[in-house]
Amino acid sequence: MSMHLLLALVMIIPLATAIIIYFLPNNFSTLSIFHVIGSFATSIIAFYAISNVIHGGIYFLWDKLFFLDSVGGVFLTLIALTGLLINIYAVKYMQWDLEEGKIEIKDVKLYYSLMNLFIFTMITSVVANNIAIMWAAIEATTLSSVFMVALYKNKRATESGWKYIIICSVGLAFALYATVLMYGAGYHALKNGESAMLWTSLYTNAKLLDPSALKLIFVFALIGFGTKAGLAPMHTWLPDVHSEGPSPTSAILSAVLLKCAILAIVRYYSVIGENVGFTYVQILTLVVSLLSIFIAAMFIIRQKDIKRMFAYHSVEHVGIIAFGFGIGGPLGVFAGLFHTMAHSLSKALAFCVSGNIMKIYGTRDMDKMGGLMKINPLTAVLFAIAIFSLIGAPLLAVFVSEFLMVKASIMTTQYLPVFLFVVGLGIIVIGVLAHFNHVVFGKPRGEVKTQTLGANAHLPLIVLGALIIAFGVFYIQDWYLLLDNAVKNILHI
(Lines give C-alpha, C1' and ligand atoms only; values in the text may rest on other atoms or scores of the structure.)
Protein backbone atom coordinates (compact mmCIF):
# COMPACT_ATOMS: atom_id res chain seq x y z
CA MET A 1 0.00 0.00 0.00
CA SER A 2 1.47 3.37 -1.02
CA MET A 3 2.09 6.14 1.50
CA HIS A 4 -0.19 8.45 -0.49
CA LEU A 5 -3.07 6.04 0.10
CA LEU A 6 -2.12 5.51 3.75
CA LEU A 7 -2.08 9.23 4.50
CA ALA A 8 -5.41 9.68 2.75
CA LEU A 9 -6.99 6.75 4.58
CA VAL A 10 -5.74 7.81 8.02
CA MET A 11 -7.82 11.00 7.61
CA ILE A 12 -10.74 9.57 5.65
CA ILE A 13 -11.52 6.59 7.92
CA PRO A 14 -12.35 8.52 11.13
CA LEU A 15 -14.33 11.10 9.14
CA ALA A 16 -16.26 8.37 7.32
CA THR A 17 -16.85 6.55 10.63
CA ALA A 18 -18.27 9.72 12.18
CA ILE A 19 -20.68 10.19 9.27
CA ILE A 20 -21.76 6.53 9.20
CA ILE A 21 -22.43 6.43 12.96
CA TYR A 22 -24.51 9.59 12.74
CA PHE A 23 -26.91 7.90 10.31
CA LEU A 24 -27.07 4.50 12.05
CA PRO A 25 -30.21 3.42 13.93
CA ASN A 26 -30.40 4.17 17.65
CA ASN A 27 -29.12 0.82 18.83
CA PHE A 28 -26.34 0.75 21.42
CA SER A 29 -24.68 -2.46 20.23
CA THR A 30 -24.65 -1.38 16.58
CA LEU A 31 -23.30 2.07 17.39
CA SER A 32 -20.59 0.65 19.67
CA ILE A 33 -19.47 -1.97 17.14
CA PHE A 34 -19.03 0.61 14.38
CA HIS A 35 -17.27 2.95 16.81
CA VAL A 36 -14.73 0.31 17.83
CA ILE A 37 -14.21 -0.99 14.28
CA GLY A 38 -13.58 2.54 13.03
CA SER A 39 -11.11 3.16 15.84
CA PHE A 40 -9.21 -0.04 15.13
CA ALA A 41 -9.08 0.68 11.39
CA THR A 42 -7.78 4.21 11.98
CA SER A 43 -5.07 2.98 14.35
CA ILE A 44 -3.91 0.13 12.12
CA ILE A 45 -3.54 2.44 9.11
CA ALA A 46 -1.82 5.06 11.27
CA PHE A 47 0.72 2.55 12.59
CA TYR A 48 1.40 1.34 9.07
CA ALA A 49 2.07 4.95 8.00
CA ILE A 50 4.27 5.62 11.04
CA SER A 51 6.37 2.55 10.26
CA ASN A 52 7.46 4.27 7.04
CA VAL A 53 8.86 7.36 8.78
CA ILE A 54 10.65 5.68 11.68
CA HIS A 55 13.94 5.90 9.79
CA GLY A 56 13.49 9.57 8.96
CA GLY A 57 11.51 9.46 5.75
CA ILE A 58 9.01 12.11 4.69
CA TYR A 59 5.92 11.63 2.54
CA PHE A 60 3.51 14.11 0.95
CA LEU A 61 -0.13 14.07 -0.04
CA TRP A 62 -2.27 16.26 -2.32
CA ASP A 63 0.31 18.66 -3.71
CA LYS A 64 2.21 18.86 -0.41
CA LEU A 65 -0.79 20.13 1.58
CA PHE A 66 -0.26 17.23 3.98
CA PHE A 67 2.87 15.36 4.98
CA LEU A 68 4.18 12.90 7.49
CA ASP A 69 7.69 13.11 8.89
CA SER A 70 9.25 11.62 12.01
CA VAL A 71 8.06 14.57 14.14
CA GLY A 72 4.47 14.09 13.02
CA GLY A 73 4.96 10.36 13.45
CA VAL A 74 5.63 10.81 17.18
CA PHE A 75 2.34 12.62 17.69
CA LEU A 76 0.36 10.39 15.34
CA THR A 77 1.50 7.49 17.53
CA LEU A 78 -0.32 9.06 20.49
CA ILE A 79 -3.57 9.29 18.53
CA ALA A 80 -3.26 5.75 17.19
CA LEU A 81 -2.31 4.06 20.45
CA THR A 82 -3.82 6.01 23.31
CA GLY A 83 -6.84 7.16 21.31
CA LEU A 84 -7.75 3.57 20.46
CA LEU A 85 -7.67 2.38 24.07
CA ILE A 86 -9.72 5.35 25.26
CA ASN A 87 -12.32 4.69 22.56
CA ILE A 88 -12.64 1.06 23.62
CA TYR A 89 -13.12 2.11 27.26
CA ALA A 90 -15.70 4.70 26.18
CA VAL A 91 -18.11 1.90 25.18
CA LYS A 92 -18.38 0.64 28.76
CA TYR A 93 -18.57 4.17 30.14
CA MET A 94 -21.41 5.12 27.78
CA GLN A 95 -23.24 1.94 28.79
CA TRP A 96 -23.04 2.98 32.45
CA ASP A 97 -24.34 6.47 31.73
CA LEU A 98 -27.14 5.05 29.59
CA GLU A 99 -28.19 2.60 32.30
CA GLU A 100 -28.15 5.31 34.96
CA GLY A 101 -30.28 7.63 32.84
CA LYS A 102 -27.65 10.36 32.59
CA ILE A 103 -27.89 10.28 28.80
CA GLU A 104 -30.18 8.91 26.08
CA ILE A 105 -29.28 6.64 23.19
CA LYS A 106 -29.26 9.65 20.82
CA ASP A 107 -26.56 11.16 23.04
CA VAL A 108 -24.47 7.99 22.67
CA LYS A 109 -24.78 8.26 18.88
CA LEU A 110 -23.76 11.91 18.99
CA TYR A 111 -20.85 11.11 21.30
CA TYR A 112 -19.43 8.34 19.11
CA SER A 113 -19.85 10.43 15.98
CA LEU A 114 -18.15 13.46 17.54
CA MET A 115 -15.35 11.33 18.97
CA ASN A 116 -14.43 10.07 15.51
CA LEU A 117 -14.78 13.56 14.06
CA PHE A 118 -12.49 14.75 16.85
CA ILE A 119 -9.93 12.09 15.91
CA PHE A 120 -10.13 13.30 12.30
CA THR A 121 -9.41 16.92 13.29
CA MET A 122 -6.46 15.91 15.47
CA ILE A 123 -4.93 13.75 12.75
CA THR A 124 -5.39 16.59 10.26
CA SER A 125 -3.55 19.00 12.56
CA VAL A 126 -0.67 16.53 12.91
CA VAL A 127 -0.20 15.82 9.20
CA ALA A 128 -0.90 19.34 7.90
CA ASN A 129 2.02 20.80 5.94
CA ASN A 130 0.09 23.98 5.19
CA ILE A 131 0.35 26.32 8.19
CA ALA A 132 -3.18 27.66 7.68
CA ILE A 133 -4.67 24.16 7.52
CA MET A 134 -2.84 23.25 10.72
CA TRP A 135 -4.32 26.28 12.48
CA ALA A 136 -7.81 25.55 11.14
CA ALA A 137 -7.58 21.90 12.20
CA ILE A 138 -6.60 22.83 15.76
CA GLU A 139 -9.50 25.30 15.86
CA ALA A 140 -11.75 22.51 14.58
CA THR A 141 -10.69 20.26 17.47
CA THR A 142 -12.43 22.73 19.79
CA LEU A 143 -15.66 22.73 17.82
CA SER A 144 -15.74 18.93 17.49
CA SER A 145 -15.01 18.24 21.16
CA VAL A 146 -17.01 20.93 22.97
CA PHE A 147 -20.27 18.97 22.72
CA MET A 148 -18.54 15.92 24.17
CA VAL A 149 -17.58 18.09 27.14
CA ALA A 150 -21.16 19.35 27.57
CA LEU A 151 -22.76 15.94 26.94
CA TYR A 152 -24.59 15.86 30.29
CA LYS A 153 -26.28 19.22 29.57
CA ASN A 154 -26.22 20.32 33.20
CA LYS A 155 -25.28 23.83 34.29
CA ARG A 156 -21.63 23.12 35.15
CA ALA A 157 -20.99 21.10 31.98
CA THR A 158 -22.58 23.79 29.82
CA GLU A 159 -20.59 26.54 31.52
CA SER A 160 -17.34 24.63 31.09
CA GLY A 161 -18.18 24.10 27.40
CA TRP A 162 -18.65 27.83 26.87
CA LYS A 163 -15.45 28.57 28.78
CA TYR A 164 -13.63 26.07 26.57
CA ILE A 165 -14.84 27.73 23.37
CA ILE A 166 -14.24 31.30 24.47
CA ILE A 167 -10.78 30.98 26.02
CA CYS A 168 -9.40 28.63 23.37
CA SER A 169 -10.81 30.78 20.56
CA VAL A 170 -9.18 33.88 22.03
CA GLY A 171 -5.94 31.97 22.39
CA LEU A 172 -6.12 30.69 18.84
CA ALA A 173 -6.64 34.24 17.63
CA PHE A 174 -3.05 34.83 18.78
CA ALA A 175 -2.10 31.66 16.93
CA LEU A 176 -3.79 33.07 13.83
CA TYR A 177 -1.63 36.19 14.13
CA ALA A 178 1.41 33.91 14.27
CA THR A 179 0.17 32.06 11.17
CA VAL A 180 -0.40 35.24 9.18
CA LEU A 181 2.93 36.75 10.23
CA MET A 182 4.76 33.52 9.41
CA TYR A 183 3.21 33.55 5.94
CA GLY A 184 4.26 37.18 5.53
CA ALA A 185 7.83 36.44 6.59
CA GLY A 186 7.93 33.44 4.28
CA TYR A 187 6.50 35.32 1.30
CA HIS A 188 8.92 38.23 1.81
CA ALA A 189 11.87 35.84 1.74
CA LEU A 190 10.73 33.25 -0.82
CA LYS A 191 8.61 35.42 -3.15
CA ASN A 192 6.27 32.47 -3.59
CA GLY A 193 2.87 32.33 -1.89
CA GLU A 194 2.55 28.56 -2.05
CA SER A 195 5.99 27.84 -0.57
CA ALA A 196 5.45 30.43 2.16
CA MET A 197 2.51 28.37 3.46
CA LEU A 198 4.35 25.05 3.74
CA TRP A 199 6.28 23.91 6.79
CA THR A 200 8.72 21.94 4.66
CA SER A 201 9.67 25.07 2.68
CA LEU A 202 9.94 27.16 5.82
CA TYR A 203 12.21 24.52 7.42
CA THR A 204 14.49 24.45 4.39
CA ASN A 205 14.69 28.23 4.10
CA ALA A 206 14.51 29.15 7.78
CA LYS A 207 17.69 31.25 7.70
CA LEU A 208 16.30 33.46 4.94
CA LEU A 209 13.41 34.74 7.05
CA ASP A 210 13.38 38.04 8.92
CA PRO A 211 14.66 37.35 12.48
CA SER A 212 12.88 40.35 14.02
CA ALA A 213 9.54 39.13 12.71
CA LEU A 214 10.25 35.58 13.83
CA LYS A 215 10.86 36.65 17.43
CA LEU A 216 7.42 38.24 17.56
CA ILE A 217 5.87 35.28 15.78
CA PHE A 218 7.11 32.86 18.42
CA VAL A 219 5.56 34.95 21.20
CA PHE A 220 2.19 34.82 19.42
CA ALA A 221 2.55 31.09 18.72
CA LEU A 222 3.51 30.29 22.31
CA ILE A 223 0.56 32.25 23.70
CA GLY A 224 -1.91 31.04 21.09
CA PHE A 225 -1.14 27.35 20.84
CA GLY A 226 0.00 27.37 24.49
CA THR A 227 -3.56 28.27 25.44
CA LYS A 228 -4.86 25.15 23.69
CA ALA A 229 -2.04 23.08 25.18
CA GLY A 230 -2.91 24.20 28.72
CA LEU A 231 0.31 26.05 29.49
CA ALA A 232 0.04 28.55 32.35
CA PRO A 233 -1.10 31.25 32.66
CA MET A 234 -3.36 30.47 29.67
CA HIS A 235 -4.58 27.23 31.26
CA THR A 236 -7.73 28.45 33.02
CA TRP A 237 -10.18 26.59 30.77
CA LEU A 238 -8.55 23.23 31.34
CA PRO A 239 -9.52 22.25 34.94
CA ASP A 240 -13.23 22.93 34.34
CA VAL A 241 -13.39 21.20 30.96
CA HIS A 242 -11.44 18.12 31.99
CA SER A 243 -13.43 17.67 35.18
CA GLU A 244 -16.97 18.18 33.86
CA GLY A 245 -17.06 16.00 30.77
CA PRO A 246 -17.36 12.18 30.68
CA SER A 247 -14.14 10.46 31.73
CA PRO A 248 -13.27 9.23 28.19
CA THR A 249 -13.59 12.84 27.00
CA SER A 250 -11.29 14.03 29.79
CA ALA A 251 -8.85 11.25 28.90
CA ILE A 252 -8.60 12.01 25.19
CA LEU A 253 -8.45 15.78 25.72
CA SER A 254 -5.57 15.44 28.15
CA ALA A 255 -3.75 12.49 26.63
CA VAL A 256 -3.95 13.48 22.96
CA LEU A 257 -5.45 16.89 22.20
CA LEU A 258 -3.00 18.91 24.30
CA LYS A 259 -0.12 17.26 22.42
CA CYS A 260 -1.49 18.41 19.04
CA ALA A 261 -1.10 21.99 20.26
CA ILE A 262 2.37 21.13 21.53
CA LEU A 263 3.26 19.91 18.03
CA ALA A 264 2.21 23.27 16.59
CA ILE A 265 4.55 25.02 19.04
CA VAL A 266 7.32 22.59 18.11
CA ARG A 267 6.93 23.44 14.41
CA TYR A 268 7.43 27.15 15.18
CA TYR A 269 10.20 26.32 17.67
CA SER A 270 12.14 24.50 14.96
CA VAL A 271 11.88 27.15 12.23
CA ILE A 272 12.41 30.15 14.49
CA GLY A 273 15.17 28.52 16.52
CA GLU A 274 17.12 27.74 13.36
CA ASN A 275 16.97 31.40 12.37
CA VAL A 276 17.35 33.46 15.56
CA GLY A 277 19.14 30.81 17.59
CA PHE A 278 17.55 28.24 19.85
CA THR A 279 18.53 30.16 22.99
CA TYR A 280 15.70 32.66 22.38
CA VAL A 281 12.92 30.08 21.98
CA GLN A 282 14.33 27.99 24.82
CA ILE A 283 14.25 30.85 27.34
CA LEU A 284 10.63 31.72 26.57
CA THR A 285 9.59 28.08 26.67
CA LEU A 286 11.48 27.52 29.92
CA VAL A 287 9.76 30.42 31.70
CA VAL A 288 6.29 29.21 30.69
CA SER A 289 7.14 25.62 31.62
CA LEU A 290 8.24 26.43 35.17
CA LEU A 291 5.25 28.70 35.67
CA SER A 292 2.95 25.85 34.61
CA ILE A 293 4.60 23.39 37.00
CA PHE A 294 4.39 25.68 40.04
CA ILE A 295 0.82 26.85 39.39
CA ALA A 296 -0.27 23.24 38.97
CA ALA A 297 1.55 22.26 42.17
CA MET A 298 -0.30 24.89 44.21
CA PHE A 299 -3.68 23.61 43.03
CA ILE A 300 -2.95 19.86 43.10
CA ILE A 301 -2.10 19.79 46.81
CA ARG A 302 -5.48 21.29 47.78
CA GLN A 303 -7.82 19.39 45.45
CA LYS A 304 -10.61 17.16 46.72
CA ASP A 305 -12.18 16.47 43.31
CA ILE A 306 -10.35 13.53 41.75
CA LYS A 307 -10.89 14.70 38.16
CA ARG A 308 -9.80 18.28 38.89
CA MET A 309 -6.67 16.88 40.52
CA PHE A 310 -5.84 15.00 37.32
CA ALA A 311 -6.74 18.08 35.27
CA TYR A 312 -4.09 20.12 37.09
CA HIS A 313 -1.70 17.24 36.47
CA SER A 314 -2.25 17.99 32.78
CA VAL A 315 -1.09 21.56 33.32
CA GLU A 316 1.93 20.23 35.20
CA HIS A 317 2.92 17.68 32.58
CA VAL A 318 2.45 19.98 29.62
CA GLY A 319 4.82 22.23 31.56
CA ILE A 320 7.24 19.32 31.91
CA ILE A 321 7.12 18.69 28.15
CA ALA A 322 7.85 22.37 27.59
CA PHE A 323 10.69 22.16 30.14
CA GLY A 324 12.43 19.57 27.95
CA PHE A 325 12.25 21.90 24.96
CA GLY A 326 13.24 24.81 27.19
CA ILE A 327 16.41 23.03 28.28
CA GLY A 328 16.99 22.26 24.62
CA GLY A 329 19.76 20.38 22.92
CA PRO A 330 19.33 16.86 21.53
CA LEU A 331 18.82 15.27 24.96
CA GLY A 332 16.35 17.89 26.22
CA VAL A 333 14.25 17.75 23.05
CA PHE A 334 14.39 13.94 23.09
CA ALA A 335 13.13 13.96 26.68
CA GLY A 336 10.35 16.40 25.80
CA LEU A 337 9.17 14.18 22.95
CA PHE A 338 9.43 11.04 25.10
CA HIS A 339 7.32 12.73 27.75
CA THR A 340 4.49 13.25 25.26
CA MET A 341 4.02 9.48 25.11
CA ALA A 342 4.69 8.91 28.82
CA HIS A 343 2.11 11.48 29.82
CA SER A 344 -0.36 10.39 27.16
CA LEU A 345 -0.48 6.83 28.49
CA SER A 346 -0.40 7.88 32.15
CA LYS A 347 -3.14 10.48 31.86
CA ALA A 348 -5.37 8.23 29.76
CA LEU A 349 -5.11 5.62 32.51
CA ALA A 350 -5.65 8.24 35.23
CA PHE A 351 -8.88 9.66 33.80
CA CYS A 352 -10.28 6.27 32.78
CA VAL A 353 -9.56 4.75 36.19
CA SER A 354 -11.14 7.82 37.79
CA GLY A 355 -14.25 6.90 35.81
CA ASN A 356 -14.17 3.46 37.43
CA ILE A 357 -13.61 4.97 40.88
CA MET A 358 -16.54 7.35 40.39
CA LYS A 359 -18.69 4.38 39.41
CA ILE A 360 -17.70 2.61 42.63
CA TYR A 361 -18.33 5.53 44.98
CA GLY A 362 -20.84 7.58 42.98
CA THR A 363 -18.85 10.76 43.61
CA ARG A 364 -15.75 12.69 42.54
CA ASP A 365 -15.05 13.88 46.09
CA MET A 366 -11.97 12.08 47.44
CA ASP A 367 -13.07 12.88 51.00
CA LYS A 368 -15.99 10.48 50.45
CA MET A 369 -13.84 7.64 49.16
CA GLY A 370 -11.37 5.38 50.98
CA GLY A 371 -10.66 1.67 51.24
CA LEU A 372 -10.39 1.15 47.49
CA MET A 373 -7.80 -1.60 47.94
CA LYS A 374 -10.36 -3.73 49.80
CA ILE A 375 -13.34 -2.79 47.66
CA ASN A 376 -11.77 -3.38 44.23
CA PRO A 377 -8.07 -4.33 44.33
CA LEU A 378 -7.60 -4.27 40.53
CA THR A 379 -8.90 -0.70 40.27
CA ALA A 380 -6.65 0.24 43.20
CA VAL A 381 -3.59 -1.22 41.43
CA LEU A 382 -4.42 0.59 38.17
CA PHE A 383 -4.94 3.81 40.12
CA ALA A 384 -1.55 3.27 41.77
CA ILE A 385 0.18 2.79 38.39
CA ALA A 386 -1.38 6.02 37.12
CA ILE A 387 -0.49 8.01 40.23
CA PHE A 388 3.07 6.72 40.58
CA SER A 389 3.74 7.22 36.88
CA LEU A 390 2.47 10.80 37.03
CA ILE A 391 4.80 11.60 39.92
CA GLY A 392 7.75 10.05 38.10
CA ALA A 393 8.37 6.89 40.11
CA PRO A 394 11.23 4.68 38.81
CA LEU A 395 10.42 1.84 36.40
CA LEU A 396 7.47 3.78 34.97
CA ALA A 397 7.38 5.80 31.75
CA VAL A 398 7.39 9.35 33.17
CA PHE A 399 10.52 8.65 35.21
CA VAL A 400 12.54 8.08 32.03
CA SER A 401 11.75 11.47 30.49
CA GLU A 402 12.06 13.40 33.76
CA PHE A 403 15.42 11.77 34.49
CA LEU A 404 16.66 12.70 31.02
CA MET A 405 15.54 16.29 31.53
CA VAL A 406 17.47 16.56 34.78
CA LYS A 407 20.49 15.00 33.09
CA ALA A 408 20.23 17.41 30.13
CA SER A 409 19.97 20.37 32.53
CA ILE A 410 23.08 19.36 34.45
CA MET A 411 25.04 18.62 31.28
CA THR A 412 24.27 22.13 30.00
CA THR A 413 24.92 23.73 33.43
CA GLN A 414 21.36 25.05 33.74
CA TYR A 415 21.35 24.59 37.50
CA LEU A 416 18.70 27.14 38.53
CA PRO A 417 16.01 25.85 36.13
CA VAL A 418 16.60 22.24 37.16
CA PHE A 419 16.54 23.19 40.85
CA LEU A 420 13.17 24.89 40.41
CA PHE A 421 12.00 21.94 38.32
CA VAL A 422 12.84 19.44 41.06
CA VAL A 423 11.31 21.62 43.79
CA GLY A 424 8.07 21.94 41.84
CA LEU A 425 7.86 18.21 41.26
CA GLY A 426 8.66 17.57 44.93
CA ILE A 427 5.70 19.66 46.05
CA ILE A 428 3.43 17.72 43.71
CA VAL A 429 4.72 14.36 44.93
CA ILE A 430 3.87 15.22 48.54
CA GLY A 431 0.36 16.37 47.68
CA VAL A 432 -0.46 13.50 45.34
CA LEU A 433 0.70 10.78 47.72
CA ALA A 434 -1.56 12.23 50.42
CA HIS A 435 -4.53 12.02 48.03
CA PHE A 436 -3.55 8.50 46.99
CA ASN A 437 -3.42 7.31 50.58
CA HIS A 438 -6.80 8.93 51.23
CA VAL A 439 -8.48 7.02 48.41
CA VAL A 440 -6.80 3.61 48.51
CA PHE A 441 -6.37 2.83 52.21
CA GLY A 442 -8.45 3.08 55.37
CA LYS A 443 -12.20 2.60 55.43
CA PRO A 444 -14.80 3.99 53.04
CA ARG A 445 -15.94 7.42 54.22
CA GLY A 446 -19.03 7.46 52.03
CA GLU A 447 -21.43 5.17 50.23
CA VAL A 448 -20.09 2.34 48.06
CA LYS A 449 -22.37 2.05 45.03
CA THR A 450 -20.82 -1.09 43.53
CA GLN A 451 -17.79 -3.34 44.00
CA THR A 452 -17.70 -5.06 40.61
CA LEU A 453 -17.22 -3.28 37.29
CA GLY A 454 -16.79 -5.99 34.67
CA ALA A 455 -13.90 -6.99 32.43
CA ASN A 456 -14.72 -4.37 29.77
CA ALA A 457 -14.07 -1.62 32.29
CA HIS A 458 -10.65 -2.99 33.14
CA LEU A 459 -9.12 -4.49 29.98
CA PRO A 460 -8.19 -1.22 28.16
CA LEU A 461 -6.83 0.12 31.44
CA ILE A 462 -4.71 -2.98 32.01
CA VAL A 463 -3.18 -2.48 28.55
CA LEU A 464 -2.46 1.17 29.38
CA GLY A 465 -0.82 0.14 32.66
CA ALA A 466 1.28 -2.48 30.90
CA LEU A 467 2.43 0.08 28.31
CA ILE A 468 3.40 2.54 31.05
CA ILE A 469 5.60 -0.13 32.61
CA ALA A 470 6.98 -1.24 29.22
CA PHE A 471 8.02 2.28 28.23
CA GLY A 472 9.59 2.72 31.66
CA VAL A 473 11.56 -0.52 31.72
CA PHE A 474 12.33 -1.61 28.16
CA TYR A 475 14.28 -0.08 25.30
CA ILE A 476 11.70 -0.07 22.52
CA GLN A 477 13.98 0.27 19.52
CA ASP A 478 11.53 1.58 16.90
CA TRP A 479 10.17 4.21 19.32
CA TYR A 480 13.64 5.44 20.25
CA LEU A 481 14.68 5.54 16.58
CA LEU A 482 11.58 7.55 15.70
CA LEU A 483 12.40 10.00 18.51
CA ASP A 484 16.04 10.28 17.43
CA ASN A 485 15.05 11.21 13.90
CA ALA A 486 12.40 13.62 15.15
CA VAL A 487 15.06 15.39 17.26
CA LYS A 488 17.30 15.70 14.21
CA ASN A 489 14.45 17.24 12.23
CA ILE A 490 13.54 19.73 14.95
CA LEU A 491 17.10 20.88 15.63
CA HIS A 492 18.23 20.67 11.99
CA ILE A 493 21.12 18.30 12.78
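Normalised size of the stretch 73-119, defined as Cα radius of gyration per 2.2 N^0.38 Å with N residues, equals 1.31. Computed across the stretch 294-390, the Kirkwood hydrodynamic radius from all distinct Cα-Cα pairs reaches 14.3 Å. For the chain, which whole percent of the accessible surface, found with a 1.4 angstrom probe, sits on carbon and sulfur atoms? That share works out to 68 percent. Beyond 13 Å, what percent of the Cα pairs of the stretch 436-493 remain? In whole percent, the long-distance tail amounts to 77.
Once the 1.4 Å probe is applied to the protein heavy atoms, the chain comes out at 35 Å² accessible per residue. Once you keep just the Cα pairs under 8 angstrom separated by 6 or more residues, what percentage relative contact order results for the chain? This gives 16 percent for the chain. Pairs over the 24 Å Cα-Cα cut-off, from the set LYS102/LYS443; LYS304/LYS407; LYS92/LYS304; LYS155/LYS307: LYS102/LYS443; LYS304/LYS407; LYS92/LYS304. Fully extending the segment from LYS106 to HIS438 would add 115.7 nm, taking 0.36 nm per residue of separation and subtracting the current Cα-Cα distance.
Counting heavy atoms of the protein chains alone, VAL180 has an accessible area of about 90 Å² for a 1.4 Å probe. Against the criterion of solvent-accessible heavy-atom surface with a 1.4 angstrom probe, TYR480, TYR59, TYR22, TYR111 sort, most first, into TYR22, TYR59, TYR480, TYR111. Extension gain, ILE44 to GLN477: 0.36 nm times the residue separation minus the Cα-Cα distance gives 153.9 nm. Take the Cβ-Cβ distance between ASN27 and ALA470 as r, set R0 to 25 Å, and report the resulting FRET efficiency rounded to the nearest 0.05. Once the sixth-power term is evaluated, E becomes 0.10. The HN-Hα couplings worked out from phi for the stretch 5-17 by the Karplus form 6.51 cos²θ - 1.76 cosθ + 1.60 (θ = phi - 60°) are 5, 4, 5, 5, 5, 5, 8, 6, 4, x, 5, 5, 4 Hz, whole numbers, x standing for Gly and Pro. Phi angles across the stretch 201-218 convert, under the Karplus curve 6.51 cos²θ - 1.76 cosθ + 1.60 with θ = phi - 60°, into 3J(HN,Hα) values of 6, 5, 4, 4, 10, 4, 6, 8, 6, 6, x, 5, 5, 5, 4, 5, 4, 5 Hz, Gly and Pro given as x.
Listed options for volume of the Cα convex hull per residue in Å³ are (i) 123; (ii) 189; (iii) 226. The value calculated from this structure is the one marked (i). Contact order, relative form, for the stretch 47-107: 23 percent (alpha carbon pairs under 8 Å, 6 or more residues apart, mean separation divided by residue count). Between the C-alpha center of the stretch 179-253 and that of the stretch 289-323 there is a gap of 22 Å. SER354 contributes an accessible area of around 0 Å² to the protein surface, as traced by a 1.4 Å probe with all chains present.
The mean sequence separation of alpha-carbon pairs under 8 Å and at least six residues apart, normalised by the residue count of the stretch 117-171, gives a relative contact order of 28 percent.
Angle of helix 70-99 to the longest C-alpha principal axis of the chain, folded into 0 to 90 degrees and rounded to 10: 20°. Each residue, LYS374 and THR412, gets one label point 7 Å from its Cα in the Cβ direction; the gap between the two is 5.1 nm.
When the P(r) is computed for the stretch 1-76, the part past 17 Å accounts for 48% of the Cα-Cα pairs. Under a 5 Å amide H cut-off, with hydrogens placed 1.01 Å from N, ASP305 pairs with MET366 among residues at least 5 apart or on other chains.
Stretching LEU216 away from ALA173 to a fully extended chain increases their span by 14.0 nm, per 0.36 nm per residue minus the current alpha-carbon distance. In straight-distance terms, cross-link reach from LYS64 covers every one of the lysines whose alpha-carbon lies under 25 Å from its own, apart from those fewer than eight places away in the same chain; here that gives LYS191, LYS207, LYS259, LYS488. Residues whose amide H lies under 5 Å from that of GLY362, counting only those 5 or more places away or on a different chain, are LYS449; hydrogens are built 1.01 Å from N in the peptide plane. Note that the stretch 304-312 has calculated 3J(HN,Hα) couplings of 10, 7, 5, 6, 5, 4, 5, 5, 5 Hz, one per residue in order, obtained from phi through the Karplus relation 6.51 cos²θ - 1.76 cosθ + 1.60 (θ = phi - 60°); glycine and proline are x.
The values are calculated or read from the model by the stated rules, or taken from the named source; none is laboratory data. If you're wondering where the values come from, they're calculated on a predicted model, not measured in any experiment. Cβ: placed from backbone, ideal geometry, glycine included. Neighbour counts: every protein chain shown. The protein model used for the area step is the full one, side chains on, heavy atoms only, and it has no ligands, DNA or RNA in it. Shrake-Rupley method; radii C 1.70, N 1.55, O 1.52, S 1.80 Å.
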